[in-house]
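Asker: Once you've had a glance at the structure underneath, I'll fire off some questions.
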Amino acid sequence: MIAKAETPPIARTPEEWGEAVRAMGGRGFHARQIFRWIHARGVTEPDKMSDLPGAMRAALTEGGLGQVVAIAEERRAADDTRKILGRLRDGATIETVLIPNVTGGKSSLPNPVEQDADASAAADDDEEAAAETGADPVTRVTQCISTQVGCAMGCVFCASGQAGLKRHLGADEIVAQVLLGRSRLDPGEQLRNVVYMGMGEPLHNYEATARSLALLTHQDGIGLSSRRVTVSTSGLVPEIERLGKDFGGNIGLAISLHAADDETRSRLLPINKKYPLPKLMAALRAYPLPSRRRITIEYTLVSGRNDNVDEARKLSRLLRGLPVKINLIPMNPISESALGPPDLSSVLAFQQVLCDDGYSCFIRRRRGDDVSAACGQLALAGAKRKIRLVG
Ligand code: SF4
């Protein structure tokens with residue numbers, strides 16, 4: 001029988017499985033088999049692990065191995081973005097989104113440098129490569145995953161931020177979202193990128209995030225390339241430094257910047273009061289980025305708050321010398337907030353300033369609007385929450 005280990009079964013590395021199966025009287029190859037069943041094949045029910053001895057399957061069940069996230073609701077948008085509301089074992093709900101790459105699809109905006117993907121920094125490389133080679137790109141999928149139930153950061157434009165933090169997710173619950181998402185792909189689709197941009201601040205839940213990164217990129221499991229995994233943060237400076245050290249800069253980094261001066265940024269992202277821009281910029285300059293890689297700067301445009309051309313010029317000055325690409329994201333309207341996106345001409349004028357200064361700057365089309373596919377929106381729907389607007 002498996003001793004109740006501290007690490008939940010789906011969060012165990014092959015080495016930890018080695019210890020667990022030895023405690024059951026198993027052999028080293030059983031550990032590799034179990035790890036591959038879970039992570040490479042997406043099977044978490046021990047009864048289905050057909051090449052394991054029956055006694056070991058029973059012990060695994062007793063030790064808690066099984067499904068940790070079930071589908072509570074799944075919605076498909078007109079653009080094929082799929083939003084999955086997942087129910088965890090304790091009844092808490094989180095959300096994950098599958099975003100098919102639709103490069104070459106119809107655009108609702110006229111600007112030639114617009115890209116179609118959502119907040120999927122890692123998808124950029126695919127789109128650029130596909131544009132260069134003319135290859136059919138339609139089956140690559142980016143999955144956006146959550147790391148917390150709710151979020152403590154309180155960003156004013158974000159549905160999760162309105163909800164407050166309920167709890168951290170375990171590494172098993174983070175990885176299980178990817179297993180679930182992969183099982184929901186359409187025929188011909190391939191999971192290509194994973195972005196930590198769903199509910200929660202990933203670096204506020206560092207241990208679980210780091211373990212899940214190691215598991216998602218493990219060659220015997222899902223085997224994602226680390227350059228195709230991106231962690232997005234609102235700017236937790238010590239954890240940015242830690243992520244850089246722990247993964248050698250190989251994990252993609254996206255910063256939710258959203259303003260180029262401390263006063264505006266602190267109004268939009270309260271975390272900025274703790275880690276103001278000079279500290280954040282210093283951490284980004286020190287991030288051990290491999291050559292030819294760039295940090296993604298996410299800038300949500302909020303009408304009347306951070307969207308005029310003076311702000312764009314300030315942003316350009318702030319980022320000078322950093323290897324970055326900039327994603328401009330017109331704010332997703334959320335019913336709990338009076339804030340909203342700017343009009344198209346303001347968005348294009350903002351972008352033009354940055355392009356003129358030599359930055360790669362993309363306007364992100366909102367994806368899945370008809371299924372509440374922005375961060376935290378589906379989980380927020382149906383929950384009664386007290387709304388607190390900052391700034
Ligand atoms: S934008 Fe991200 S960090 Fe900010 S409240 Fe939303 S989930 Fe949290």
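The values are calculated or read from the model by the stated rules, or taken from the named source; none is laboratory data. Because the structure is predicted, anything quoted here is derived from the model rather than measured. Backbone-built Cβ (ideal geometry, glycine too); neighbour counts: all protein chains shown. Heavy atoms of the whole protein, side chains included, go into the accessibility calculation; ligands, DNA and RNA do not. Shrake-Rupley method; radii C 1.70, N 1.55, O 1.52, S 1.80 Å.
Asker: Which percent of the accessible heavy-atom area of the range 142-196 goes to carbon and sulfur, probe 1.4 angstrom?
Answerer: The value for the range 142-196 is 50 percent carbon and sulfur by accessible area.
Asker: Let me ask another. Full extension from residue 352 to residue 36: what is 0.36 nm times the residue separation minus their Cα-Cα distance, to one decimal in nm?
Answerer: Here the segment from residue 352 to residue 36 would lengthen by 108.9 nm.
Asker: Based on the Cα atoms of the range 9-62, what semi-axes does the equivalent ellipsoid have, where each is the square root of 5 times one gyration tensor eigenvalue, given in whole Å with the largest first?
Answerer: Details: eigenvalues 40, 36, 18 Å².
Semi-axis lengths for the range 9-62 are 14, 13, 9 Å.
Asker: Run the numbers for residue 318 and residue 72: contour at 0.36 nm per residue of separation, minus the present Cα-Cα distance, in nm.
Answerer: Details: separation 246, 0.36 × 246 = 88.56 nm, distance 4.29 nm.
Taking 0.36 nm per residue and subtracting the Cα distance, the gain is 84.3 nm.
Asker: Label residue 242 and residue 48 with points 7 Å out from Cα along Cα→Cβ: what is the distance between them in nm?
Answerer: 3.4
Asker: What accessible area per residue comes out for the range 142-295, rounded to a whole number of Å², with a 1.4 Å probe?
Answerer: Heavy-atom SASA per residue in the range 142-295 reads 34 Å².
Asker: Let me ask something additional. Tally Lys and Arg at +1 and Asp and Glu at -1 over the other residues with C-beta under 13 Å from the C-beta of residue 92: what net charge comes out?
Answerer: Taking every Cβ under 13 Å from that of residue 92, the sum is +1.
Asker: Within 12 Å, Cβ to Cβ, of residue 68, how many net charges do the neighbouring residues add up to if Lys/Arg are +1 and Asp/Glu are -1?
Answerer: Around residue 68, the surrounding residues sum to -2.
Asker: Determine the gain in length on full extension of the stretch residue 261-residue 219; use 0.36 nm per residue of separation and subtract their C-alpha separation, reporting nm with one decimal.
Answerer: Difference between extended and current length: 10.9 nm.
Asker: Using θ = phi - 60° and the Karplus form 6.51 cos²θ - 1.76 cosθ + 1.60, what ³J(HN,Hα) does each residue of the range 180-193 get, whole Hz, x for Gly and Pro?
Answerer: The phi angles translate into 5, x, 4, 6, 9, 5, 6, x, x, 8, 9, 6, 10, 10 Hz.
Asker: Additional query: How would you order 287-296, 347-356 from highest to lowest mean count of nearby Cβ atoms within 10 Å?
Answerer: Packing proxy ranking, top to bottom: 347-356, 287-296.
Asker: When the convex hull of the C-alpha atoms of the range 273-352 is computed, what volume per residue in Å³ does it have?
Answerer: Hull volume normalised by residue count: 125 Å³.
Asker: Can you give me the distance in nm between label points at residue 16 and residue 309, each placed 7 Å from the Cα along the Cα-to-Cβ direction?
Answerer: Going from the residue 16 label point to the residue 309 one covers 5.4 nm.
Asker: Which FRET efficiency, nearest 0.05, do residue 29 and residue 325 yield, Cβ-Cβ r, R0 56 Å?
Answerer: In this case the efficiency is close to 0.80.
Asker: Let me ask something else about it. According to a simple spin-label model (label point 7 Å from Cα along Cα-to-Cβ), what is the distance in nm between residue 291 and residue 55?
Answerer: 5.7
Asker: Please list the non-local residues whose amide H lies under 5 Å from the amide H of residue 360, H modeled 1.01 Å from N, same-chain partners needing a gap of 5 or more.
Answerer: Those lying under 5 Å, H to H, from residue 360 are 326.
Asker: While we're here: Can you tell me what the convex hull of the Cα atoms of the range 156-308 projects to on average, as an area in nm²?
Answerer: Directional mean of the projected Cα hull area for the range 156-308 stands at 10.5 nm².
Asker: Taking a 30 Å limit on the Cα-Cα distance, which of the listed pairs 166/325; 83/314; 166/279; 83/274 fall beyond it?
Answerer: 166/325; 83/314; 83/274, as the Cα separations exceed 30 Å there.
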